[in-house]
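Bear in mind that the values in this text are calculations on the coordinates, not laboratory data. Predicted model only: the values in this text are computed from it and were never measured. With ideal geometry, Cβ positions are generated from the backbone for all residues, glycine too; neighbour counts draw on all protein chains shown.
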Amino acid sequence: MKLIKTIFITVILLGLIWVDLPYNIKTKYELPSKIDVNIFGLNIKKEFNTKLGLDLKGGSNLIFEADTSKVRREDLTDALNSARDVIERRVNFFGVTEPQIQTIKSGNVYRLSVDLPGISNYEEAIKLIGQTAQLTFKELPDGKIATTTPIFVQLTKNTGLSGTHILKSTIEFDSQTGKPQVGLKFNKKGTDLFAAITKRNIGKPVGIFIDNMPLTTPTVQTEILDGSAVITGTFTTDEAKKLTIAINSGALPLPIKLVEQKNIGPTLGDIEVKKSVYAGTVGLIMVLLFMIICYGRLGLIASLALIIYGLISLFIFKAIPVVLTLPGIAGFILSIGMAVDSNILIFERIKEEQRKDKSFDIAVRLGFGHAIDAIKDANITTLIVAFILFNPLNWEFLPQFGIVRGFALTLAIGVATSLFTGVVITKRLITMFYKVK
Amino acid sequence: MINFLKFRWLYFLVSTVVIGAGLFSIVKWGFRYSIDFTGGSNFEFQTNKVIKKNQLLKVLDQNKISIVSLKLVNKNILLRTKVLDQKKESLFKKDLETKLKIKITVLRSETVGPILGKEAVGKTLTASILAIIGILIYMSFAFKGFNFAFAAVLAMFHDLIVVIGTYSLLSHFFGAEIDTMFITAVLTTMSFSVHDTIVIFDKIREYHTEQETLEIESASNQALTETMIRSLNNSMTIVFMLLALTMMGGSTIRFFILTLLIGTITGTYSSPFVATPILVWLEKMKKQK
């Protein structure tokens, strides 16, 4: 039974080390860095990566303020969603991996925060993203008949109908088949223009383009006079929704203005990370030495527990994954301090009991029992603070920006982990090593 | 047992001197604020050749850029200006490259409008107040008494003022700026301070409930005697970590880590020497009533 336990623990430990190892360390054997297995038809797919924030990796954080003065209140959510969508499309055009685009409401002001990790040509990106979306309708040039080349390439003639002529696009469902379709409502001028366009294009495709990228190229069935059209097709609900958002980005254009930009070149972050890791390692070794000098064998055990603590936290950071920023690292360092504190508390209590001439076994048991109250109360208070700062419900009156949240998240994870390792693992290790004696 | 509380006046004096110095500095010199709060632009360029300051100033002048501060270190240009929009920035960079025949690598470029920073501070403040209320409620329950919670929070305010005051000194003498990182450091100090205080209060609670005849003062002295080594050891470990980071870590986080260091020291100091005397005083007041 004991053997099984030991093997089990060893396997978990090796697993942790495997996940925690950085990629750039070349091992003799090629280790897979992701899990991609099928168990009973369940596909488990997980990549383990340390995600670094913009301040460490380099990249740009842009904050745009939306000019909502011309949008009707009931259309605001749609307009904001569409603006987000446009930015996302433009960002993808830049080939940025994992951009983050967030809508942040603050009082009556709406902002869009765009994170572009790893981007170096930020000037281009700002220029491109800051534009208001342009929606246009295009038709086939006169006298041309569709050939085999893709339709959207042939649709070159501007119809004069644009996003300003659309009131709104909505998702609808066919009353007979129940299939999703995309509805379009035009304003007065748009109705006239659209009637003329549909009249001369019956049986021919008319394309809807945004920023000169094709969204959809439906074929006109009949002349539409009342200014409300539907685009049918084999959409899934999701696809239809996406199309409405895209059309709305042209119909409900939201001019955005750059109010804040932070660009960190890749070199700077790199230097910072290297220096911080180096300094952190030196600091950690000093802490371990200090513990061993002060508490002898117990200190050695605490050091071991601390290393396991480090491995587990790093594992959690990679598994969630948590984006590590400089404040995040500060939160982590603080939690290391608190983890060490749990151990010191326990050891001092054990020493205290030993001074009262208790045998070691009893001293350990009593020491743990006494220390647990203080550890619990101290850590729960810290967790309360971290919880409020992290703002999990995204309340408007609390911080919604990354810097404080990143700090709170690593602090919370660190403290929760330290509650586990500081108490459970240290105890296990003590009983393990002292039984041998 | 050492009678720690006998030297109350000394602790009071130390705190008064440190806080006094900080407050003096705040009133006299105030703070330097980063662009997060004032709005403006911050640039860190690296050039491939060492350039002369007056050459650079000339180009800046030609581009009609109003400089807030400028520093040249080897091949690095540290420049802070009033809000510079993207177009002007690009033009200036190009101008600089052609006129001085250099190549520029952008290490950092930040532009912030003035409103955002103020909003961020307001929200962080709200969060902190909520956190303090949370601490008060939890501690009142855990320690079955409001006095423990109140004393811990007062000690936390003590640390807050110490950290903010010393930062004003750092700001004046070494050019540290109040930025979002500073706010994070303050938050860290706050949570560490309460964490540290609770450990000592736990001991006091234990003695006070175990032996009901024991006066709060002697219970506190006993608790302080027994937790002193733990407090020092614990802080030493954090101080080691932070010292290593201050001396060897990157330059952008130097003041941040330094603030954390100050926070750790005052957080450790305030638990036995500020929170405990306050608690004893509060408990005695309660008894007299």
Gaussian network model of chain B, springs between alpha carbon atoms under 10 Å - residue of B:ILE183, B:ILE198, B:ILE51 with greatest fluctuation: B:ILE51
Paramagnetic label zone (point 7 Å from Cα along Cα-to-C-beta, B:LEU10; backbone N under 19 Å) in segment B:134-175: none
Sites A:ILE292 and B:ILE2 - FRET efficiency at Förster radius 45 Å, r taken between beta-carbons, to 0.05: 0.95
Return the FRET efficiency for the residue pair A:LEU16, A:THR103: r is the Cβ-Cβ distance, R0 is 35 Å, and the value is rounded to the nearest 0.05. 0.40
Going by alpha carbons, how many degrees (0 to 90, nearest 10) lie between the helix axis of B:146-174 and the longest principal axis of chain B? 30 degrees
Nothing charged except the Cβ atoms of Lys and Arg (+1) and of Asp and Glu (-1): what's the magnitude of the dipole of segment B:40-112 about its Cα centre? Round to the nearest 20 debye. 280 debye
Could you state the number of Å between the C-alpha centres of segment B:130-168 and segment B:59-127? 40 Å
Among bridges DSSP assigns within the protein assembly as shown, what percent are antiparallel (round to 5)? 95 percent
Listed by chain and number, the lysines with an alpha carbon less than 18 angstrom from that of B:LYS6, same-chain partners under 8 positions apart left out, are B:LYS284
Looking at segment B:1-77, which chymotrypsin sites (Phe, Trp or Tyr not before Pro) are DSSP coil and have at most 13 other C-beta atoms within 10 Å of their C-beta? B:TRP29
On C-alpha positions alone, give me the angle between the axis of helix A:188-200 and the longest principal axis of chain A, in degrees, nearest 10. 70 degrees
Cβ-based exposure ranking for B:LEU260, B:LEU100, A:LEU116, in which fewest neighbours within 10 Å come first: B:LEU100, A:LEU116, B:LEU260
What list do you get for A:THR234, B:THR259, B:THR105 if you sort them by fewest beta carbons within 10 Å? A:THR234, B:THR105, B:THR259
Looking only at chymotrypsin sites (Phe, Trp or Tyr not before Pro) in DSSP loops with at most 16 other Cβ atoms within 10 Å, what is the longest site-free stretch of chain A? A:95-394
Qualifying trypsin sites (Lys or Arg not before Pro) in segment A:327-367, DSSP loop, other Cβ atoms within 10 Å at most 13: A:LYS356
Whole-angstrom Cα spans of segment B:40-112 along principal axes, big to small: 29, 21, 18
Residue-averaged [θ]222 nm for chain B, counting only DSSP H segments that reach four residues, each worth -39500 (n - 2.57): -24000 deg cm²/dmol
Eligible aspartates and glutamates near B:LYS52 by straight Cα distance, threshold 17 Å, same-chain separation 8 or greater: B:GLU44, B:ASP61, B:ASP95, B:GLU97
Surpassing 28 Å at the alpha-carbon level, of the pairs A:LYS5/B:LYS203; B:LYS123/B:LYS144; B:LYS71/B:LYS99; A:LYS274/B:LYS71; A:LYS70/A:LYS242, are A:LYS5/B:LYS203; B:LYS123/B:LYS144
Pairs B:LYS82/B:LYS103; A:LYS105/A:LYS168; A:LYS157/B:LYS94; A:LYS275/A:LYS427; B:LYS28/B:LYS53: which exceed 27 Å Cα-Cα? A:LYS157/B:LYS94; A:LYS275/A:LYS427; B:LYS28/B:LYS53
Under 13 Å Cα-Cα from A:LYS318, which aspartates and glutamates qualify once same-chain neighbours fewer than 8 residues away are excluded? A:ASP20, A:GLU47
Contour minus end-to-end for B:VAL121 and B:MET228, with contour as 0.36 nm per residue of separation and end-to-end as the Cα-Cα distance? 34.9 nm
Ranked A:ILE388, B:ILE133, A:ILE171, criterion: other C-beta atoms within 10 Å, fewest first: B:ILE133, A:ILE171, A:ILE388
How large are Rg and Dmax for segment A:265-436 when calculated on the C-alpha trace, in angstrom? 17.9, 62
Given the options A:VAL206, A:VAL340, A:VAL282, state which has the largest fluctuation in a GNM of chain A using a 10 Å cut-off (strictly under) for Cα springs. A:VAL282
